[in-house]
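S.K.: The structure that follows is given in the form of structure tokens.
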Amino acid sequence: MNDESALEQLLKSNEYLHHIDMDRKTADLVFDRRTVKAIYKLMSDRTIEYLDFPISSGKESVVFKVFAKGKPFALKVYKLSTLRFGSVWRYIEGDRRFSKEQIKRSNIVFIWAKKEIVNMEELRKYKIPTPRPLMYYRNLALMSYIGSRASPAPMLKEYSGDFNMAFEQIVASMAVMNQKAHIVHADLSEYNILCFRRKFYFIDLGQAVSIEHPWAEYFLQRDIRNMVNFFMKKGIKTSVDELYKSVTGNARTKEFIVE
């Protein structure tokens, strides 16, 4: 008779990988023992029922389509093995909203998951399109799924519609985000905006910071330059100074050398 728990048997068998469309190396980075136990906890609590398939994959996280009560959601799994302290601490330290957090190498990924959910909650207060945040647990963040039954919503990079409309909506969202929510995305690009039913959703908000953050101005100008570079290639006439004034309501007085 096997005295091991069902979870322990699952971890040893690697059966949880059999229906996931990822190579072995990527799967090993995502499904370490702590992450599998965290997912098992959400399933035991019936927060989610099962993982369907990966929606997107990056250096620091993988997003899965999951189901709960027959409805699709998105579960973002931050990789405990690749989200490095040195690359993320500056987005947390200096943000007054997280000043009471004890930032350590052992818990920084958990703070990152919490930070993404908190930032989505703040943006949605001002009706800025972003996935609806549901909960976070350890290195997991659960949110609404943006897309159709057949496929997730495409990124702005893949968009081929009306770029004037896209530009106007995105600039309007950036302005509300800056002037009312007082938050800077800090990694805004054509890869972090989804297009669905003629609406443009900001995603990947773990690194977003308060405008009071010491690096906020640098991050904002980097976001603006990314948008200018993208939309100018699509035929939109704009500039960093022009977009800066639209987003902040003020003229740009200091230029940062943005990488």
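The values are calculated or read from the model by the stated rules, or taken from the named source; none is laboratory data. Computed from a predicted model, the values in this text were never measured in an experiment. Cβ coordinates were reconstructed from backbone atoms using ideal geometry, including for glycine residues, and neighbour counts include every protein chain displayed.
S.K.: What number of residues within the range 138-183 are surrounded by 14 or more Cβ atoms within 10 Å (Cβ to Cβ) and over 25 Å from TYR126 (Cβ atoms)?
M.R.: 3
S.K.: If you take the residues of the range 89-125 that are assigned to a loop (DSSP other than H, G, I, E, B) and of a type in the set (Gly, Ala, Ser), which of them is surrounded by the most Cβ atoms within 10 Å (Cβ to Cβ)?
M.R.: Here the answer is GLY94.
S.K.: Taking VAL184 as the residue in question, decide whether it is in contact (Cβ under 8 Å) with a residue 12 or more places away in the chain, β-branched (Val, Ile, Thr) and more than 25 Å from LYS59 (Cα to Cα).
M.R.: no
S.K.: Now for a separate question. Quick one: would you say ASP241 is crowded, with 20+ Cβ neighbours inside 10 Å and outside any strand (DSSP E or B)?
M.R.: Against the criterion (crowded, with 20+ Cβ neighbours inside 10 Å and outside any strand (DSSP E or B)), ASP241 does not qualify.
S.K.: On the phi < 0 side of the Ramachandran plot, more than 17 Å from the chain's Cα centre (by Cα), buried (at least 16 other Cβ atoms within 10 Å of the Cβ) and modelled with pLDDT of 90 or more - does that describe any residue in the range 65-78?
M.R.: Taking every residue of the range 65-78 in turn, at least one turns out to be on the phi < 0 side of the Ramachandran plot, more than 17 Å from the chain's Cα centre (by Cα), buried (at least 16 other Cβ atoms within 10 Å of the Cβ) and modelled with pLDDT of 90 or more.
S.K.: Among the residues of the range 240-259, how many are under 16 Å from ALA175 (Cβ atoms) and of a type outside the set (A, V, I, L, M)?
M.R.: 9
S.K.: Is there any pair linking a residue in the range 162-175 that is part of a helix (DSSP H, G or I) to one that is modelled with pLDDT of 95 or more and hydroxyl-bearing (Ser, Thr, Tyr), with Cβ under 7 Å and at least six apart or on different chains, and which?
M.R.: Here the result reads ALA166/TYR159; VAL171/SER246; ALA175/SER246, each pair linking the range 162-175 to a residue that is modelled with pLDDT of 95 or more and hydroxyl-bearing (Ser, Thr, Tyr).
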